[in-house]
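The values are calculated or read from the model by the stated rules, or taken from the named source; none is laboratory data. Quick caveat, the model's predicted, so the values are computed rather than measured. Using ideal geometry, Cβ is built from the backbone for each residue, glycine included, and neighbour counts are taken over all protein chains shown.
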Amino acid sequence: MLLKVSCKLNNFLSIKHGIKKYYSVLASVLEKPELGENVEIKGWVKSLRVQKELVFADVSDGSCAQKLQVTIPKHLKTNDLTYGSAVNITGKLARSPRGQIELLAENVKIYGKCVVLDGYPFNPRTSHPPEYLRRYLHLRSRTNYISAMLRIRHSVTQLIHKYFSSKNYINIHTPIITSNDCEGAGENFKVLPDNEETVKSMMQQGLNSETVYFGSKAFLTVSGQLHLEAVCRGMGNVYTFGPTFRAENSKSRLHLSEFYMLEGELAFCETLEHLQNTIEDFLKFILTEIRNSNEKDLNLIDKNNTTPTWLNKQFITLNYDEAKNILDKKGMNTAEVGINKEQELALVDYCNGVPVFIVRWPKSLKSFYMKESQNDPEKVDALDLLAPITGEIVGGSLREDNYEKLKLKLPSESLNWYLELRKFGNIPTGGFGLGLERLLQVICAIPNIKDTLPFPRWPHNCSM
Ligand code: 4AD
Ligand code: MG
């Protein structure tokens, strides 16, 4: 009886304190190589060189930028051991004559064959152009370019949480389905039940097929800002980071229908400078950290990728009117209101590639929630941050905190709750939104946004 109890206890302890190791992930093998140790690795063959006695295979498993060279005695090489095949290899770690860590294979098992002639679209030691890879979304994570990109994306995601946690911001999960259109730009996707039976059974007086499920129209979120503002007025500094959807009719190299947005809402934020300093500090943190943590990945994407020269410089600030004057002097057509993409990039160029905040915009160009500028009722305290490659990378503003002024601009009664935030214990706040994919374009110097996420969506494209 006593024995049984102690056995149970042992089982419990072993589950709680030690997870059985099933194999070694390359990132850990290469981080601390234990020479002479037996290891078992699993991954994909990225290249193969067959010599007289030996076969050399480069194996990668996605966990890091490096591949592990595996030396395989000829007798272990079967016909199925080819470029692209999935393998399980056991052996001992050693240092090669050239000083690299290698695995001396003792056993090779093939999980999945890969016959290139059957239509596998990639070739060994070839860097295929990104447009070509985009035709194979389901397979492209096997390439250096995309796997490096996805590891950098992973690291940036971790760093976002690290940065804001270290500054005592609270991460809020704002809803994906929402009844408001934050930006008012008419870019919402509707959310409706796709089931006639459900619609029929829920139909009541006064509700139509668009409102029947939630009792009001519902959309996929274009921004979590309004919800964030609500929580900010109860909890101080907050941020949200999640999927965002925009039905923009643009197939440009900078637009997606679904992207990830980081949004921060700063409590007690009374000046644009406060907001600008936060954005600048955050971006410099990310750029610095990612160059340390993912240097090899950055090199896989672009051998010539170097630290941006702006990292040690202060970002520049221009008023909207100043920016328009500069564009005018450059001979660009400024009769049109706003600043178009070409002009955004011209402004970054004017600032020698240093990111530039364009601040204090005409009220008519910006959303209802932005705070009227103190000395100019035609302007709002809004900012756009322009960066090389993308132009606009961040949009933000101080929020209108005057109840009466906000009431006049409120686009719909359904936002009365938002107005009411200004009624009880209101505080000044400001916030910003940053597109993760555009940030990745800037970090990795990637021209097309469709190469910064695994499965991009844009007009006429929702494959997979
Ligand atoms: O400038 P936007 O529209 O700002 C907002 O949504 C505010 N509510 C944010 C806030 O103050 N909390 O969008 C913010 C950023 C843009 O600067 C851009 O980086 C990115 O989101 N973005 C897109 N990225 C990819 N595809 C699209 N269609 C994008 N639209 C905006
Ligand atoms: Mg914007």
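Structure notes:
- Gly353 farther than 30 Å from Arg140 by Cα, more than 16 Å from ligand 2 (Cβ to nearest atom) and either not assigned by TED's automatic domain parsing to the domain that holds Ile443 or not in a helix (DSSP H, G or I) (or both): yes
- In the set (1) in contact with a Pro (Cβ under 9 Å, 6 or more places away or on another chain); (2) among the charged types (D, E, K, R); (3) not assigned by TED's automatic domain parsing to the domain that holds Asn180, Arg399 fails one condition alone, (3).
- Counting only helices (runs of 4 or more DSSP H) that sit completely within the stretch 195-309, those holding 2 or more residues that are within 16 Å of ligand 1 (Cβ to nearest atom) and more than 30 Å from Ser60 (Cβ to Cβ) correspond to 225-235, 272-293.
- Looking at Tyr163, Tyr145, just one residue is within 23 Å of Ser257 (Cβ to Cβ), surrounded by 15 or more Cβ atoms within 10 Å (Cβ to Cβ), within 28 Å of the chain's Cα centre (by Cα) and aromatic (Phe, Trp, Tyr), and that residue is Tyr145.
- Checked against the criterion of being among the hydrophobic types (A, V, I, L, M, F, W, C), closer than 26 Å to Tyr145 by Cβ and at pLDDT 95 or above, the candidates Leu54, Leu104, Leu48 yield just one match: Leu48.
- Applying the criterion of being farther than 19 Å from Ile427 by Cα and within 12 Å of ligand 2 (Cβ to nearest atom) to the residues of the stretch 381-390, the residue that is surrounded by the most Cβ atoms within 10 Å (Cβ to Cβ) is Leu386.
- Residue list for the stretch 353-370, filter: free of Cβ contacts under 8 Å to residues at least 40 places away in the same chain and either closer than 22 Å to Thr278 by Cα or in contact with a His (Cβ under 8 Å, 6 or more places away or on another chain) (or both): Lys366, Met370
- Output for the stretch 432-463, where each listed residue is over 19 Å from the mean Cα position of the chain (by Cα) and at pLDDT 95 or above: Pro459, His460, Asn461
So that you can scan it fast, the table gives a plain yes or no per residue for (1) modelled with pLDDT under 95; (2) touching a Leu at 6+ places or on another chain (Cβ under 7 Å):
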residue: Asn195; (1), (2): yes, no
residue: His227; (1), (2): no, no
residue: Asn237; (1), (2): no, yes
residue: Arg246; (1), (2): no, no
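- Residues within the stretch 391-406 that are touching a strand residue (DSSP E or B) at 6+ places or on another chain (Cβ under 8 Å), of a type outside the set (Asp, Glu) and either without any contact (Cβ under 8 Å) to a residue 24 or more places away in the chain or within 14 Å of ligand 2 (Cβ to nearest atom) (or both), tallied: 5
- Leading residue by the ranking (nearest to Asp349 (Cα to Cα)) among those in the stretch 294-308 that are in contact (Cβ under 8 Å) with a residue 40 or more places away in the chain and surrounded by fewer than 16 Cβ atoms within 10 Å (Cβ to Cβ): Asp302
- Positions within the stretch 310-335 being surrounded by 16 or more Cβ atoms within 10 Å (Cβ to Cβ) and assigned to a helix (DSSP H, G or I), in sequence order: Trp310, Tyr320, Ala323, Lys324, Ile326, Leu327
- Flag for Lys20 being surrounded by fewer than 10 Cβ atoms within 10 Å (Cβ to Cβ) and either in a loop (DSSP other than H, G, I, E, B) or at pLDDT 95 or above (or both): yes
- Matching residues in the stretch 166-188 - criterion: being within 16 Å of ligand 1 (Cβ to nearest atom), exposed (fewer than 15 other Cβ atoms within 10 Å of the Cβ) and either under 21 Å from the mean Cα position of the chain (by Cα) or among the hydroxyl-bearing types (Ser, Thr, Tyr) (or both): Ile170, Asn171, His173, Pro175, Ile176
- From Phe285, Phe259, residue being within 16 Å of ligand 2 (Cβ to nearest atom), in contact (Cβ under 8 Å) with a residue 12 or more places away in the chain and surrounded by fewer than 21 Cβ atoms within 10 Å (Cβ to Cβ): Phe259
- Of all the listed residues (Val394, Val348, Val380), the sole one being touching a Pro at 6+ places or on another chain (Cβ under 6 Å) and among the aliphatic types (A, V, I, L, M) is Val348.
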